[in-house]
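None of the figures in this text is laboratory data; all of them are computed from the coordinates on show. Quick caveat: nothing in here was measured; it's all calculated off a predicted structure. Using ideal geometry, Cβ is built from the backbone for each residue, glycine included, and neighbour counts are taken over all protein chains shown.
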Amino acid sequence: MASVEKIRNAQCAKGPSTILAIGTATPENCVYQSDYADYYFRVTKSEQLTELKKKFNRICEKSIIKKHYIHLTEKMLEEHPILVSTWPHLLIYGRRSSLLRYPSLVRK
């Protein structure tokens, strides 16, 4: 049976150590929760769905989330409208784009 000291020595680093950096990785695009419903309906071009937008606003108000960090910019979403369309189209697009990548992966 291993002693507590041996286990502790195995878990600890030997020699000097340096902390290189401490930080968080957050995307540049930040949308506040109070503006999120407007942003979402604008990006998806669904502003005509006012009842759904009101319901979404109520959900956002009751949430404890303050900010949304989003990787995709509005410009990227405008260039690739398939990303904001319905799910079946998105799944087909994902399969198609992955099929296009397979030959390049095989060559590597």
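Observations
- Positive dipole terminus of the range 27-71, leading residue within H71, F56, S34 (C-beta point charges): F56
- Global form of the range 27-71, assessed from the alpha-carbon gyration tensor, a/c cut-off 1.5: oblate
- Footprinting exposure proxy for I22, I7, I82 (fewest neighbouring C-beta atoms within 10 Å first): I22, I7, I82
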